[in-house]
C-alpha cells in the first residue's frame, strides 16, 4: 500500500518532513506551505516545539507537513537536533516515520548544505532537494543546473524563493509525483541500520559535495559583500559592543515608552467594565467575585501584554535578521568567564520578556551542563511579570526627582533592579560551574548567517504565538489562582463586632498570619504575606492580590484611592525595599517550574531551582531590610 | 576519492610545509589572515566532527574576519567565501592552516589574494 492510497482510504494524510540546516529558510518555506493552518505543540517529554500543518496538494493528496528543528547533521549535538534525527529515523515516540523527506538548502551555501542531503540520501527514503533563496543566488550571478544535480543525486530537485512563494507549486507537484509512485508496500517503520558518520565519512561527504558542485554549478556566484561590510562595524572590537549596548537600551526604552498608550487603553477598558458591572449587577457574592476578584485581577495582568509583545518584537527582529548570533559572538568571552556559552545570551535575553520561552530557547545549547546552568539562571532575568510589582513600589516609595543632572531616580532604581538580577545570575552561574555543575569549557561552533531583512510573516506569526501563550496563561493558571484567592480572602466572613478588617479573619488572613513570624525578620506584614501566597503561583498576581487585600480590608479609602498611595502610607521604606529585593530573586511562577521540570525531565532540578532562589530571595530581603533600618529607612 | 598514494603524497606535502614554517594553527591567525586548511585534528573526536560538519575540512579556504573584544576570543572565520563561523581559539587550534596558493589553482576557493599568514 502506498502512502497515497493510505491517505485516500482515510487512514491518515501522507507525512512530509522538512529537514535542513539552520538559516536555510526552512521555516519560511514551512510558513509559505501551510499558512495559518499550523499546529504547534511539544514533543512528549521535552519542550522542543513540534510544528506541523495540513495542506492539500494540487493532485488531491492530503499532506501533513512537519517542520523539524534545523540541523547541520544527523549526528545530533543538541536536544532539538536529536528530535530531527529521531523523527527522520522513525525513533521518536508517538511519531510515525515520515513518508518522504524534503531537504531544504540555501542555494547560496550549497557547499556546506549539501552534506546534510548526502546523509539523508543514505537513509534510502523518498527525498526531494529544495534549493531555496534561489533569487539571491541568481542575483549574485550564480547558475546551477538542477537537471545535472537531479541526475547526479537520483532525486527530484526544486528551486524556490520561499519568501515570495516562488517554486512552491513545483515542490507540491514533486510531492504529488512522489506520493503517486511512492515505494509500494513501503511498510518501513524505522531505520535501524543508521550509524553516526565518522570523521572520515564526513570528509568523504565533503569530497562528494565538491564533485557534485563541479558537475552542477554552471557559474559561480560572486561572494556576498553586504554582510562583510556590516560585520566590519557590528563585530568591531570597540564599535560592536557599543552598538549592542545601544540596541539593548533602545529595546528597553521602547518597552516602556511605546507600551504606554496601549496599556492606558487596556486600563481604561477594564475600569469601564468594572464600572459597568458594578452599576448593573445586584449586590452579591457573584458580583464581588467578578468585580473584585476576576476583572480587577485579569486586568492587572493583561495590561502587560503590550510590553511583552514589544520585547518579543525586538527579539524576533534581531533573530530573523541574523544579528542575534552576532550578539552571542560579542558576549561569548564575557559569559565564558562564568562558565557559560555565548549562545546562552539568546535565551537569557528572551527571559527578560518571560523565562519560559527563554528556558525553551536554551535547547539550542548543545552541551547538557551549559544548558542546565542557562535554564537555572533564566528566572533571574527580570521578566515582565515582575514589572507590575516594581512599578507599583517604585511609584509609591521612590521620589520622582532627578539626580546627577537629569537622570530620573525612579528609572535609576528600576535599572538597579535589572542589574541586580543580571549580576546575581552571573554569580550563580559562576558558583554552579565551580561546584555542582563542574565540567570542561564547551566549544562554541556557531554559524554567523548573512544578514537579511526580517520576514514580516515570520515575525507576525511569532508574535501571535507569544500572545496566545500569554493569554492562555491568564485564562488558566492566573484566572484559577484569582478565583481561589478571592475565595480564600472572602471566607469565612468576619465575626460579629470584628475590630480588624474582614480579610483578617479569612483563610487568607489565617495563612498570612501563620507566615508572618517567618517573614517578620525581612519586614513583611501580614498583608504582604497574604499577597505572596498567590504570588507564588504567578508573581504578577501579587499586585492584584495586594489590591484585593487592601480593597477588601474594609478601609473605605483604600477602595477608591490608588494602591500606590495606600502603600506609601502603610509601609515603611525598609519594607518596600525588602519586598523589591525579594522580587528580584524569588521563584514565584509555577509555569516556570513546570517548564524546568519538562526540560530537564525531572523534578530534581526544578526543586533545586525553587530552593536556591527562595534562599537567595530571603537572604537578599533580610540584608536589604536590616541595612535600610540601620540607615533610618524604618 | 584519494587512494593510498594520494594520502602519502598529502602527508609528504604537509611535512614539507611544516618544515618550511608555512603552517600555523587557525587560532593564532589574525583578522585579515587567509589560508588553506591542511589538517583538522583534535584529541576529542566530537570536536573534530563538529569542526568538519561546520565546513572546516582539509582543502577548504579560510579567512579570519574578526575576533572578540576581550582576549581576542572568539574568532569569526569565513570558509570558502560562503559561510562564516564563530569559534573559540581553543577549538580553532585544532585546525592547521597553510598558505593559500600553494596547492595550485582551485578557482572555487581562491580569493585572488596573496597568501598572508600573520
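Just one of A:8, A:3 is modelled with pLDDT under 90, surrounded by 20 or more Cβ atoms within 10 Å (Cβ to Cβ) and over 27 Å from the mean Cα position of the chain (by Cα); which is it? It would help to see each step written out before you state the result.
Numbers: A:8 fails: surrounded by 20 or more Cβ atoms within 10 Å (Cβ to Cβ).
Every option except A:3 fails the conditions.
Please find, within region B:73-92, the residue that is farthest from residue B:48 (Cα to Cα) out of those that are outside any strand (DSSP E or B) and more than 7 Å from every other protein chain (Cβ to nearest Cβ). The selected residue is B:89. Taking the conditions exactly as written (over 30 Å from residue A:626 (Cβ atoms), surrounded by fewer than 22 Cβ atoms within 10 Å (Cβ to Cβ) and at pLDDT 75 or above), does residue A:590 satisfy them or not? When the stated conditions are applied, residue A:590 passes them.
For region A:300-337, name all the residues that are farther than 18 Å from residue A:418 by Cβ, assigned to a loop (DSSP other than H, G, I, E, B) and touching a helix residue (DSSP H, G or I) at 6+ places or on another chain (Cβ under 7 Å). Talk me through it step by step, then tell me what you get.
Of region A:300-337, the ones farther than 18 Å from residue A:418 by Cβ are A:300-303, A:305-306, A:309, A:313, A:316-326, A:328-330, A:332-333, A:336-337.
Applying the additional criterion that residues be assigned to a loop (DSSP other than H, G, I, E, B) yields A:303, A:322, A:337.
A:303, the sole residue that qualifies.
Mind telling me which of the residues B:22, B:38, B:52 ends up being in contact with a strand residue (DSSP E or B) (Cβ under 8 Å, 6 or more places away or on another chain), buried (at least 19 other Cβ atoms within 10 Å of the Cβ) and either in contact (Cβ under 8 Å) with a residue 24 or more places away in the chain or over 22 Å from residue A:201 (Cβ atoms) (or both)? Reasoning before the result, please.
On the way: B:22 fails: buried (at least 19 other Cβ atoms within 10 Å of the Cβ); B:52 fails: either in contact (Cβ under 8 Å) with a residue 24 or more places away in the chain or over 22 Å from residue A:201 (Cβ atoms) (or both).
None of the others qualify; the one that does is B:38.
Looking at B:65, B:22, can you tell me which residue is more than 19 Å from residue A:199 (Cα to Cα) and within 11 Å of another protein chain (Cβ to nearest Cβ)? If you could, list the steps in order and put the result at the bottom.
Details: B:22 fails: within 11 Å of another protein chain (Cβ to nearest Cβ).
Being more than 19 Å from residue A:199 (Cα to Cα) and within 11 Å of another protein chain (Cβ to nearest Cβ) holds for just one of B:65, B:22, which is B:65.
So that you can scan it fast, the table gives a plain yes or no per residue for (1) closer than 24 Å to residue A:580 by Cα; (2) without any contact (Cβ under 8 Å) to a residue 40 or more places away in the chain; (3) more than 14 Å from chain B (Cβ to nearest Cβ); (4) surrounded by 19 or more Cβ atoms within 10 Å (Cβ to Cβ):
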position	(1), (2), (3), (4)
A:341	no, no, no, yes
A:356	yes, no, yes, yes
A:379	yes, no, yes, yes
A:387	yes, no, yes, yes
A:393	yes, no, yes, yes
A:416	yes, yes, yes, no
A:421	yes, no, yes, yes
A:424	yes, no, yes, no
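Filtered by the rule that a residue be in contact (Cβ under 8 Å) with a residue 40 or more places away in the chain, touching a helix residue (DSSP H, G or I) at 6+ places or on another chain (Cβ under 7 Å) and under 24 Å from residue A:190 (Cβ atoms), region A:124-134 gives A:126, A:128.
No other residue among A:120, A:116, A:149, A:97 is in contact (Cβ under 8 Å) with a residue 60 or more places away in the chain and part of a loop (DSSP other than H, G, I, E, B) apart from A:97. Scanning region A:609-631 for residues that are out of contact with any helix residue (DSSP H, G or I) (no Cβ under 9 Å at 6 or more places or on another chain) and outside any helix (DSSP H, G or I) yields a total of 0.
Is there a residue being more than 14 Å from chain B (Cβ to nearest Cβ) and under 13 Å from the mean Cα position of the chain (by Cα) anywhere in region A:279-290? Looking through region A:279-290, none of the residues is more than 14 Å from chain B (Cβ to nearest Cβ) and under 13 Å from the mean Cα position of the chain (by Cα).
The values are calculated or read from the model by the stated rules, or taken from the named source; none is laboratory data. Just so we're clear, the structure is a prediction, and the values are computed from it rather than from any experiment. Cβ sites come from the backbone with ideal geometry, for glycine too, and all protein chains shown count toward neighbours.
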